[in-house]
1. Suppose we filter the stretch A:82-98 for residues that are among the β-branched types (Val, Ile, Thr) and either without any contact (Cβ under 8 Å) to a residue 24 or more places away in the chain or closer than 14 Å to B:Ser119 by Cα (or both); how many remain?
2. Considering only the stretch B:6-84, give the strands (runs of 3 or more DSSP E) lying wholly within it that have at least 2 residues that are surrounded by fewer than 24 Cβ atoms within 10 Å (Cβ to Cβ).
3. Kindly indicate whether A:Arg29 is at negative phi, among the basic types (Lys, Arg) and touching a residue at least 24 places away in the same chain (Cβ under 8 Å).
4. Quick one: is B:Ala158 within 14 Å of chain A (Cβ to nearest Cβ), out of contact with any helix residue (DSSP H, G or I) (no Cβ under 8 Å at 6 or more places or on another chain) and hydrophobic (A, V, I, L, M, F, W, C)?
5. For the stretch A:133-147, how many residues are among the aliphatic types (A, V, I, L, M) and either within 11 Å of another protein chain (Cβ to nearest Cβ) or on the phi > 0 side of the Ramachandran plot (or both)?
6. Determine which member of the set B:Arg73, B:Arg80 is within 26 Å of A:Val94 (Cα to Cα), more than 14 Å from chain A (Cβ to nearest Cβ) and of a type in the set (Lys, Arg).
7. Please specify each residue of the stretch B:37-92 satisfying the condition of being of a type in the set (Ser, Thr, Tyr) and either in contact with a helix residue (DSSP H, G or I) (Cβ under 8 Å, 6 or more places away or on another chain) or farther than 23 Å from B:Asn197 by Cα (or both).
8. Given the conditions (1) touching a Pro at 6+ places or on another chain (Cβ under 7 Å); (2) in a loop (DSSP other than H, G, I, E, B); (3) aliphatic (A, V, I, L, M), report the number of the one that B:Ala131 does not fulfil.
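The values are calculated or read from the model by the stated rules, or taken from the named source; none is laboratory data. All figures in this text were calculated on a predicted structure; none of them were measured in a lab. Neighbour counts are summed over all protein chains in view; Cβ atoms, including those assigned to glycine, are modelled from backbone coordinates with ideal geometry.
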Amino acid sequence: MTSPDALLAELGRVAQAIGPAVAPPDTSRLLAALADTARRLFGAAACSLALLTDDESELVYTTAAGAGAQDVTGMRIPASQGVAGWVVQSGQPVSIDSPADDPRFARDVAESTGYVPREILAVPVASATTMLGVLTLLDRDTARPGAVQDMALLQVFADQAAIALEGSRAFTRMGSVLLTAVATAAAADAELADIASSLAVAVPPVDRDLAELAEVFALLSRHSAADRRLAVRLVREVVAHTERVAARPGA
Amino acid sequence: MQITRDWAFDGADGQGVDVAVVDSGIDPTHPAVGPVSSAVALTWDPLAEQVIAADGPHTDLFGHGTACAGIIRAVAPQCRLHSVRVLGERLSGKGPVFAHGLRHAMTIARVVNLSLSTSRPEYRTLFYEIADEAAFRGVVLVCAVNNAPAPSYPSQFASVVSVAANDGAGPYDLDCNPTPPVEFGAPGIGVTVPWLNGGSIVTTGNSYAAPHVAGLVARLLSKHPTLTPYEVKTVLRHVSRNAQRG
């Protein structure tokens, strides 16, 4: 008989691998729309979203709209400096204007975005338990009300981004999510709950290439059955070829 | 005896009072900040799972700590400033580092400025104990209220002086709030503050209102050194613009 440990570990592994395939495919489009909507609403020059890396050492700009958007997308900055770094470290929103006679403050922002703003509004993107990143708005329409009101309004956008990101991350960590759910459901059986919760934190992250493959297959749901069969046949051919090569002596 | 603004602050400049800024570090070379009497940078060692303290001069990682120090210096020019840097390269270990920094701050200072807080429920009890410890030691913790509408510690505990930004501009533009947990309002909207590289910025946030009050508390204590944290609160309330005097 298979032990509960082994069964649960296998369940976690399988769920972790399947997660990306069943994830909603449009999170990045949703975030792009969100940044663009915020930029238009505030009459701002640019709006960008930067997310913390898994080890929380860097911020990666994943989404940008407006001035410098091309340059800023994909850019990485250390989470230990600059306005964006302060926001994720402190968890506090920031509003900064450059005094007309002192342009020095903009240096770090300008160096990282290629655009020299006169004003920055940045708010944290966070779930109830985790800091995820920072949403930044450059140069709001000067006719808008003070920073205090707009900081609160921009936070609403950031909270929506956090919800979208959390939802999407539940799929990329589906093994952990599932095992945590098992641990909660099995609360009455202390031993089982312990096994499930310790396995939940130990599920290895799914290999990036496999995750990407799963995502690509998920996209096929929008295409015809014939397209899907073709894709399956192609992948089976690749696997068969790899196995033949591996079986060759001396290979 | 009447508690008035003159009684509280007139002729006082913070002389002899130690004020610690628990933040991103202080740039002691900034002309608006002046000398820093002590500095310690705290970081988290994830392998040993403990806080590491590095004594000695450090830089300000973001500019925020320098801004707070500059605000305190402007209000209480003769106070002794101490930098306790609790932000680092990563977010992990933030809670323990923050707690360690606070405990250190209250051993060296009478007034501690905290423009940071945590909303993690697992740290609630720890920060509650620290806030009590400070109150019994006679150390005034001045905390910025979180800008986001979420619980934050230690700013919402009864023993600390919690501050949000108002649109005042004068040194005594203090308001008291009859409905806590936010107890006081002080200038923090569109204020000019020192920042990195000897520069300055115009900025908005509760975190700039707290050091304004920390500076006023330093002045008050330089003139009336025996006041307890609760007496300090009473005085702040009496000298507020909207105080009900009767």
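1. Within the stretch A:82-98, the first condition is being among the β-branched types (Val, Ile, Thr), and the residues that meet it are A:83, A:87-88, A:94, A:96.
Now narrow it down to the ones that are either without any contact (Cβ under 8 Å) to a residue 24 or more places away in the chain or closer than 14 Å to B:Ser119 by Cα (or both): A:88.
Residues flagged as among the β-branched types (Val, Ile, Thr) and either without any contact (Cβ under 8 Å) to a residue 24 or more places away in the chain or closer than 14 Å to B:Ser119 by Cα (or both) within the stretch A:82-98 amount to 1.
2. Numbers: elements: B:18-23, B:36-45, B:50-55.
Output list reads B:36-45, B:50-55.
3. On the way: at negative phi: yes; among the basic types (Lys, Arg): yes; touching a residue at least 24 places away in the same chain (Cβ under 8 Å): no.
The answer is no for A:Arg29.
4. Working: within 14 Å of chain A (Cβ to nearest Cβ): no; out of contact with any helix residue (DSSP H, G or I) (no Cβ under 8 Å at 6 or more places or on another chain): yes; hydrophobic (A, V, I, L, M, F, W, C): yes.
The answer is no for B:Ala158.
5. Step one: filter the stretch A:133-147 for residues among the aliphatic types (A, V, I, L, M), giving A:134-135, A:137-138, A:143, A:147.
Still in the running and either within 11 Å of another protein chain (Cβ to nearest Cβ) or on the phi > 0 side of the Ramachandran plot (or both): A:147.
So the answer is 1.
6. Details: B:Arg80 fails: within 26 Å of A:Val94 (Cα to Cα).
Residue meeting the stated conditions: B:Arg73.
7. Pass one, the stretch B:37-92, residues of a type in the set (Ser, Thr, Tyr): B:37-38, B:43, B:59, B:66, B:83, B:92.
If the condition is that a residue be of a type in the set (Ser, Thr, Tyr) and either in contact with a helix residue (DSSP H, G or I) (Cβ under 8 Å, 6 or more places away or on another chain) or farther than 23 Å from B:Asn197 by Cα (or both), then B:Ser38, B:Thr43, B:Thr66, B:Ser83, B:Ser92 are the ones that fit.
8. It is condition (2) that B:Ala131 fails.
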